[in-house]
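Inspection log for the structure reproduced underneath, given as structure tokens.
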Amino acid sequence: MKTDVSSRVVDKGQKQSHFTANLGSRYTIDRIFKYAAWGATGVSILILVWLLVTIVADGIGTLNWNFITSFPSRRAENAGIIAALVGTVWVMCLVALFTVPLGVGAGIFLEEFAEDNWFTRLVEINIGNLAGVPSIIYGLLGLAVFARIMQPITGGRSVLSGSLTLSLLILPVVIVSTREALRAIPNSLRLAGYALGATRWQVIWSHVLPAAVPGILTGVILALSRAIGETAPLIAVGAAVFISFLPEGLQSQFTAMPIQIYNWVGRPQEEFHYIAASGIIVLMAMLLVMNGVAVYLRNHFQKDF
């Protein structure tokens, strides 16, 4: 009996020592991973800062009011970005108008109302796959459907065609982010509403959706930030590279800031490279303003809830 007890004590001590050794190695791996993550983050930030400093240094000299209010020109000293700026505003407003209601509505339906069957699972898989499709594919789709088949409605290569194409591009991102935001809300909140006699729509509209708005707006911010910098879909749809007038309606021809910047960067004259840097500064400023408004709304809803 004493021999059995002593052997058990020895086995237990060996297991504890082995566990302690494994615990030490786990802590070491954890520290290594933490330092590697910090290192990767630091390198990314340094590269971003270097790019921003380079762009500001090249473009600040030609960034003035005349540059913002002038149309493109074959001479760099007379070229401006007003046509591309107004075209980008048109496109982004229409993209937000099309994408947010459709994307949020589809996300709510799939997460809260749709039954769990093979068709719903097929739709979910396709939405996830569409989020990773290259943007040029959406551009070719927009060219075939919106610019050609639906030409009597969209006006062909127009603001409406470009906006619909970009809306298709970011719609899967908005749907997925909406579903994830709704999924993060505790189910006890829904059950409490049902216990008080509320219908499913009343519970979603009054309780679940307000709590999920910050997460939904985060997805919308990321989606619109991607759309404002896309060039390939707009080129495929037929956005003009050189345009000397402002869009007057949904069926007007247009250009956008990424396309105009791309055109200037491709010029051999060094002066156009400087005004391209100025255009990048204007594009980043517009992106920061747009994201700032969205972040303010997100924080406002989060504070109220």
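Each value in this text was obtained by applying a stated rule to the coordinates, not by laboratory testing. This one's a predicted model, so the numbers in the text were calculated from it and none came from an experiment. Virtual Cβ from ideal backbone geometry, glycine too; neighbours counted across all protein chains shown.
Could you point to the residue in 208, 253, 137 farthest towards the positive end of the chain's charge dipole, with +1 and -1 charges on the Cβ of Lys/Arg and Asp/Glu respectively? Toward the positive end, the furthest listed residue is 208.
Each residue, residue 137 and residue 299, gets one label point 7 Å from its Cα in the Cβ direction; the gap between the two is 3.8 nm.
Relative to the longest principal axis of the Cα atoms of the chain, the long axis of helix 159-183 makes an angle of roughly 10 degrees. Can you tell me how the stretch 52-103 classifies by the Cα gyration tensor, rounded, prolate or oblate, using a/c under 1.5 as the rounded cut? In terms of gyration-tensor shape, oblate. Net charge dipole, the chain: roughly 780 debye, given to the nearest 20, about the Cα centre with Cβ charges of +1 for Lys and Arg and -1 for Asp and Glu.
When the Cα positions of 262, 181, 155 are compared along the charge dipole of the chain, 181 comes out farthest toward the positive end, with charges on each C-beta of Lys, Arg, Asp and Glu. Indicate the gyration tensor shape class of the stretch 28-164 (rounded, prolate or oblate), computed on the Cα atoms with a ≥ b ≥ c the square roots of the eigenvalues: a/c under 1.5 is rounded; otherwise a/b larger than b/c is prolate and the rest oblate. Since a/c reaches 1.5 but b/c is at least a/b, the shape of the stretch 28-164 is classed as oblate.
Between residue 66 and residue 102, the modelled label-to-label distance comes to 4.3 nm, taking each label 7 Å out from Cα in the direction of the beta carbon.
How far, in nm, would the chain grow between residue 189 and residue 117 when pulled straight, counting 0.36 nm per residue and subtracting the alpha carbon separation?
Full-extension gain reported as 23.4 nm.
Computed over the stretch 164-262, the percent of Cα pairs more than 21 Å apart is 52.
Here the stretch 181-305 is treated with +1 on each Lys and Arg Cβ and -1 on each Asp and Glu Cβ, and its dipole about the Cα centre works out to around 680 debye. Comparing 168, 224, 209 in a Gaussian network model of the chain where C-alpha atoms under 10 Å apart are linked, the largest mean-square fluctuation is found at 209.
When each of the peptides 235-241, 109-115 is scored by how many other beta carbons lie within 10 Å of its residues on average, the order from highest to lowest is 235-241, 109-115. Available extension along the chain between residue 248 and residue 78 is 58.9 nm, counting 0.36 nm per residue and deducting the alpha carbon span. Here is the P(r) of the chain: all C-alpha pair distances, binned every 20 Å from 0, give 25, 44, 22, 7, 2 in whole percents.
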